[in-house]
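Contents: one structure, followed by commentary.
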């Protein structure tokens with residue numbers, strides 16, 4: 001598969017993107033708050049690990065939760081499968097940061113935003129890659145890509161969890 005794909009971002013480029021994103025987030029944090037970080041699984045695990053290691057931890061108090069989400073397609077319509085009740089329990093009356101690896105169709109972020117925006121103190125989405133600009137203002141996209149390729153590596157799978165382990169990002 002890798003031989004048939006295009007290298008989109010090398011690991012050193014991703015590291016720089018994540019570090020710049022961490023600096024941006026550090027400027028936005030309020031040191032008097034404790035944040036609830038939601039990592040959307042399975043794809044955002046590498047991004048979350050690198051990002052949270054790069055943020056100025058002395059001013060960033062947080063607890064972390066992992067929520068399994070999956071996007072399903074049916075006749076070109078996408079729906080999100082997630083444990084929304086668990087998400088609501090975790091996020092109620094909290095300052096929440098949701099980490100995701102890619103903003104593509106918007107299904108994931110927009111569904112989660114709709115589900116919890118009225119029950120949280122504050123809500124910020126931080127996404128590694130964006131293919132388009134989200135229609136909501138509370139999203140930080142670390143890096144935009146102008147591509148319609150299917151991306152994999154650095155937490156994102158090709159299919160059935162294949163190639164998530166790669167340190168670079170590829171497209172097909």
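The values are calculated or read from the model by the stated rules, or taken from the named source; none is laboratory data. Owing to the predicted nature of the structure, the values given are computational and were not obtained by experimental measurement. Here the Cβ is made from the backbone with ideal geometry for all residues, glycine too, and neighbour counts use every protein chain on show.
Here are a few things to note about the model shown:
- Residue match in segment 125-134 (condition: at pLDDT below 95, over 27 Å from residue 159 (Cβ atoms) and out of contact with any strand residue (DSSP E or B) (no Cβ under 7 Å at 6 or more places or on another chain)): yes
- Out of 94, 117, 121, 88, sole residue that is at pLDDT 95 or above, buried (at least 18 other Cβ atoms within 10 Å of the Cβ) and more than 22 Å from residue 50 (Cβ to Cβ): 94
- Among the residues making up segment 121-163, those that are in contact with a helix residue (DSSP H, G or I) (Cβ under 8 Å, 6 or more places away or on another chain) and in contact (Cβ under 8 Å) with a residue 40 or more places away in the chain are 124, 126, 128, 140, 142, 143, 154, 155, 163.
- Close pairs (8 angstrom Cβ cut-off, 6 or more residues apart or separate chains): within 14 Å of residue 61 (Cβ to Cβ) in segment 20-39, part of a helix (DSSP H, G or I) anywhere: 25/51; 26/59; 29/59; 31/59; 36/90; 36/91; 37/48; 37/52
- Within segment 32-56, the only residue that satisfies the criterion of being in contact with a helix residue (DSSP H, G or I) (Cβ under 6 Å, 6 or more places away or on another chain), in a loop (DSSP other than H, G, I, E, B) and either at positive phi or buried (at least 19 other Cβ atoms within 10 Å of the Cβ) (or both) is 55.
- Residue match in segment 68-79 (condition: more than 26 Å from residue 170 (Cβ to Cβ) and at pLDDT 95 or above): no
- Whether a residue is loosely packed, with under 13 Cβ neighbours inside 10 Å, closer than 25 Å to residue 152 by Cα and under 17 Å from the mean Cα position of the chain (by Cα) was assessed, and residue 81 passes this test.
- Meets criteria (assigned to a strand (DSSP E or B) and touching a strand residue (DSSP E or B) at 6+ places or on another chain (Cβ under 7 Å)) for residue 14: no
- Taken as a whole, the condition of being touching a strand residue (DSSP E or B) at 6+ places or on another chain (Cβ under 8 Å) and without any contact (Cβ under 8 Å) to a residue 60 or more places away in the chain applies to residue 87.
- Being under 13 Å from the mean Cα position of the chain (by Cα) and free of Cβ contacts under 8 Å to residues at least 12 places away in the same chain is a description that does not apply to residue 53.
- Selection status of residue 63, at pLDDT 85 or above, part of a strand (DSSP E or B) and more than 23 Å from residue 152 (Cα to Cα): yes
- Residue tally, condition out of contact with any helix residue (DSSP H, G or I) (no Cβ under 7 Å at 6 or more places or on another chain), in contact (Cβ under 8 Å) with a residue 24 or more places away in the chain and farther than 30 Å from residue 30 by Cβ, over segment 61-78: 0
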